[in-house]
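Asker: Just dropping this structure here.
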Amino acid sequence: PGLIHDVAQLPAGTDVPPTPVQVGGHLSTPIVLKTGETYGTLCCFSAQPRPELRAHDLDTLKLCAKLVARKVELTRGGGFSEPPADWSLEPLAPT
């Protein structure tokens, strides 16, 4: 799930990989390019449970993932193998 208030409260048998750090609250969303390719995942987590997390928080992270996808596409379109040094997540001007 994209929004988990407390990882420790997930049902037994849930496929959650072990982590080297304690994870309480967690938000996660894929970074999907226009081609449909999943480039990676954007995640946020807290060491403590976060019962105050809401769908709006996940929606905000999804918006950030869209901005990352746009920047990746621009980088690829410009022939860069790595993001340029001035790479930032500032919104793009409409074209």
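Asker: Around A69, what is the net charge, scoring Lys/Arg as +1 and Asp/Glu as -1 over all other residues with Cβ under 13 Å from its Cβ?
Answerer: Around A69, the charge tally is +4.
Asker: Here is a further query. Let me see the pair-distance distribution of the range 6-82: every alpha carbon pair, 10 Å bin width, integer percents in order.
Answerer: 17, 39, 29, 14, 2
Read-outs: derived from the displayed coordinates by stated rules, not from any lab. Computed from a prediction, not measured in an experiment: that's the story for all the values here. A quick note on method: Cβ atoms are made from the backbone with ideal geometry, for glycine too, and the neighbour counts reach across all protein chains shown.
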